[in-house]
1. On alpha carbon coordinates alone, what is the Rg over Rh value for the chain, Rh being the Kirkwood radius?
2. Can you list the HN-Hα couplings for segment 332-345, worked out from phi with the Karplus curve (6.51, -1.76, 1.60; θ = phi - 60°), rounded to whole Hz and with x for Gly and Pro?
3. Ordered by packing density, taken as the mean number of other Cβ atoms within 10 Å over each peptide's residues, highest first, how do 363-370, 32-39 rank?
4. Along segment 6-22, what does the Karplus equation 6.51 cos²θ - 1.76 cosθ + 1.60 (θ = phi - 60°) give for ³J(HN,Hα), rounded to whole Hz, x for Gly and Pro?
5. Let me check the size of segment 187-381 from its C-alpha atoms; what are the radius of gyration and Dmax in Å?
6. Tell me which residues come under 5 Å, amide H to amide H, from Thr258 once H is placed; ignore anything under 5 positions away on its chain.
7. Quote to one decimal, in nm, the extra length available between Ser99 and Gln67 on full extension: 0.36 nm per residue of separation minus the C-alpha distance between them.
8. What does the highest-first list of 348-357, 53-62, 264-273 look like by mean Cβ count within 10 Å?
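No value in this document is a laboratory result; all are computed from the given coordinates. Source: prediction; values computed, not measured. Using ideal geometry, Cβ is built from the backbone for each residue, glycine included, and neighbour counts are taken over all protein chains shown.
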Amino acid sequence: MDARTGLPVVGMVGAGQLARMTHQAAIALGQSLRVLADSPDDGTALVASDVVLGDYRSLDDLRAFAQGCDVVTFDHEHVPHEHLRALVADGANVQPGPSALRFAQDKLAMRERLSALGVPCPRWTAVASAADLRDFGADVGWPVVLKAATGGYDGKGVWVVESVDAAADVLASGTRLLAEEKVAIERELAAVIARSAFGQGAAWPVVETVQRDGICVQVIAPAPDLDDELAEHAQDLALRIAAELGVTGVLAVELFQTRGGLVVNELAMRPHNSAHWTIEGTRTSQFEQHVRAVLDYPLGSPRPTAPVTVMANLLGGPADVRPAGIDERVHHFMAHWPDVKLHLYGKQFRPGRKVGHVTALGDDVEEVRARAAAAADYLVNGDKE
């Protein structure tokens, strides 16, 4: 408990943009988030007052950080699982707990558990040898999707391979792998929900996520032309997964929409890029909701504030695009799109890196998408009409 405010202390491991936006939401609840940062230059370390420098891979650093925290949560899933269990054994309140977080950290464990629950997934198998991959490819058809069981994100640790020979380098790397069939998808969706320790759940509208090179570039809320029954099914599925796995906090369920229905792609047990739109687009953002959930407060309303909300990510381009003129670009952006909200994460620009996002609201899907895309393009490339 914070002696100055009498309010609980929420510690977040990681100091990237998710922690930065969670910190902003926590302020309204009377709190200043405590963060474990790798560097004083991390995005959250630049704006938060309660910053502890340390390595999330070090159990000693994690133990020191957890001292004085009423709850420890995360802005990424990379903390070693054995360290999480050690923190719980020490008496730390870790949310989500290690038994749940394991299924976001280890894709093989996730597939095994979801399959056992009867949750629709792509056909998959563990791959320990070229023979395993050859047999799987013969069964489901080529190409197949190879994934690193741990550590992958934003398209990293994912390979689409046409043959065993094409996968030779990955197979030889010693990486724990699984193979999945390459699903024929109509589009990608995300069902994002929150669940408190008490078991209360809340679901935001299902969104469409638009991908480029394995990275989300735009989120459309709600997903256009999504059948009401299918949308409700996606929300119910996400809430069921959260309950079955014992998730506390925000859970994002990434989905493939196929001709045969919905298929679960990935899970994330933390605030997620597909729900950044909720800051302006709903009564309770995912970041406030995550704080409420891990503290076991009653959850807020996920009701939308506009018929359509579109979030567009700002992806860093070539290094020479940024240095001169970003301040001037922000100035012109604000003048040209006064109704589009800008979020910059305090990151250095580099190719493909998420350095911020913009959010536009309105009534017409295509108009709002065009406005968000134009604003994002100008901020990254310096071009506007």
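1. Values: Rg = 20.8 Å, Rh = 21.7 Å.
Answer for the chain: 0.96.
2. Ordered by residue, 3J(HN,Hα) equals 5, 4, 5, 6, 7, 10, x, 9, 9, 8, 10, 10, 10, 9 Hz.
3. Per-residue mean Cβ counts within 10 Å order the peptides as 32-39, 363-370.
4. x, 9, x, 9, 9, x, 10, 7, x, 9, x, 5, 5, 5, 4, 6, 5
5. Cα-based Rg and Dmax for segment 187-381 come out at 17.0, 51 Å.
6. Close amide H contacts, sequence-distant or interchain: Glu186, Val263.
7. That works out to 9.4 nm of additional length.
8. Those peptides, ordered most packed to least, come out 264-273, 348-357, 53-62.
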